[in-house]
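S.K.: Just dropping this structure here.
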Amino acid sequence: MLDLMTLKVLPVVFVIVNMVSLYLIYSFYHLVPLLQNTATYHDGLIQAAVFNGITLMMLLCYVRAVATNPGNIPSKEVDASWEYVPDRDVQQVETKEKKRTGERRHCKWCAKYKPDRCHHCRVCKTCILKMDHHCPWIYNCVGFGNHKYFFLLLLYSAAACNFITLTMIPTVESAVQQNSAFTQMFLVLFAETLSAFLGILITLFFLFHIWLMLQAMTTIEFCEKNTKNQSYGSSVHDRGINGNIRAVLGDWMLLWLLPVSPPVGSGTNFAEDGDPFITRALEPERGRSRRKAGYGAVTSGKRQSKGGRREMFSGYGEDIVCFDARDLKPRSGPLFV
């Protein structure tokens, strides 16, 4: 009888076997004949370059989606404010998601307070930051840390399957009309059918995730709205089309389609004002700094021409000083990003 760990690994093995099978069949029964024929050599060269490029990107995204930690709540050694101790009076991070009683959400298994969009995965047995869902095909959760890699994995998987389906049609017709050997005909038809089925399935799933990204929702948040019969266009984390895309693919547009440069941030704080991906704060006892568009506070106050821009405002019973990100030497405590 297979143990639980083996059963969890089987979906990954299934994915790898399908990848290898489609790659070998497409290469030996489609690309090689094209390259060996002088009349079709040019087409075969182009198809081989495109196919291998897409396959390489798909494999890189798959490895990164599997190997990257989706993100966990900081340990008490890193940030003790996330530890769930009901009787302890500590400065708590302000969150949008709360219980019906108005209390802060916490995980009874991890004994930690939950940041916004964080959920406990019973398969991984830990809380995942900005959890989208647990994916058995990558043996990992999809969360803040690897959401981009999973998204790109869907893109390149759909592209590879659809590319195989469309370009192999002449090969399938030739194998059937010329009464090729049974093995060749079977493998060609198998690859065409499998790639077409997976292509349709993955493409629909990818389009769904594009819609989720533009709506600033995760799969779990979509399911929650569906269960509560709420509108799908009312996410509290919506930052507009550009901001929502950056929240998944990162800040650099030129790197959106590459498995590098994921979104900036810790995944524990989704600020209401300004850029949602870089959150700055002063010392915990001094409250939070206020930040709007750009990289400096714009609240009314005093400005100094030297050392960047400094803003003064009152809150939490004392004056709070906010420094611009260009001020490298703040005088009222550490400023961090």
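S.K.: Please go through (1) open to solvent by 70 Å² or more (accessible area, probe 1.4 Å); (2) under 29 Å from residue 194 (Cα atoms) for residue 35 and return the number of the only condition it doesn't satisfy.
M.R.: (1)
S.K.: Test residue 110 against the criterion of being part of a strand (DSSP E or B) and either open to solvent by 10 Å² or more (accessible area, probe 1.4 Å) or modelled with pLDDT of 95 or more (or both), and give yes or no.
M.R.: Numbers: part of a strand (DSSP E or B): no; either open to solvent by 10 Å² or more (accessible area, probe 1.4 Å) or modelled with pLDDT of 95 or more (or both): yes.
Taking the combined requirement at face value, the residue does not satisfy it.
S.K.: Let me ask another. Those residues that are in a helix (DSSP H, G or I), among the charged types (D, E, K, R) and surrounded by fewer than 19 Cβ atoms within 10 Å (Cβ to Cβ), I need them from region 193-235; list them, please.
M.R.: Within region 193-235, 224, 225 qualify.
S.K.: Another question about this same structure. Taking only region 69-107 into account, find how many residues are touching a helix residue (DSSP H, G or I) at 6+ places or on another chain (Cβ under 6 Å) and either at pLDDT 75 or above or closer than 29 Å to residue 259 by Cβ (or both).
M.R.: Of the residues in that region, 2 qualify.
S.K.: If the Cβ limit is 8 Å and pairs must be 6+ apart or interchain, which residue in region 143-157 that is outside any helix (DSSP H, G or I) and surrounded by fewer than 24 Cβ atoms within 10 Å (Cβ to Cβ) pairs with which residue that is modelled with pLDDT of 95 or more and aliphatic (A, V, I, L, M)?
M.R.: 145/129
Quick grid of which residues meet (1) open to solvent by less than 40 Å² (accessible area, probe 1.4 Å); (2) touching a residue at least 40 places away in the same chain (Cβ under 8 Å):
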residue: 96; (1), (2): no, yes
residue: 102; (1), (2): no, no
residue: 121; (1), (2): yes, no
residue: 132; (1), (2): yes, yes
residue: 136; (1), (2): no, yes
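S.K.: Determine whether region 142-161 contains at least one residue that is at pLDDT 95 or above and charged (D, E, K, R).
M.R.: Yes: region 142-161 contains one or more residues that are at pLDDT 95 or above and charged (D, E, K, R).
S.K.: Oh, and also: Out of all the residues in region 1-31, which are over 26 Å from the mean Cα position of the chain (by Cα), of a type outside the set (Ser, Thr, Tyr) and open to solvent by 40 Å² or more (accessible area, probe 1.4 Å)?
M.R.: Answer for region 1-31, where residues must be over 26 Å from the mean Cα position of the chain (by Cα), of a type outside the set (Ser, Thr, Tyr) and open to solvent by 40 Å² or more (accessible area, probe 1.4 Å): 1, 2, 3, 4, 24, 28.
The values are calculated or read from the model by the stated rules, or taken from the named source; none is laboratory data. Note that this is a predicted model, so its numbers are computed, not measured. Cβ sites come from the backbone with ideal geometry, for glycine too, and all protein chains shown count toward neighbours. Calculation scope for accessible area: heavy atoms of the full protein, side chains included, ligands and nucleic acids excluded. Shrake-Rupley method; radii C 1.70, N 1.55, O 1.52, S 1.80 Å.
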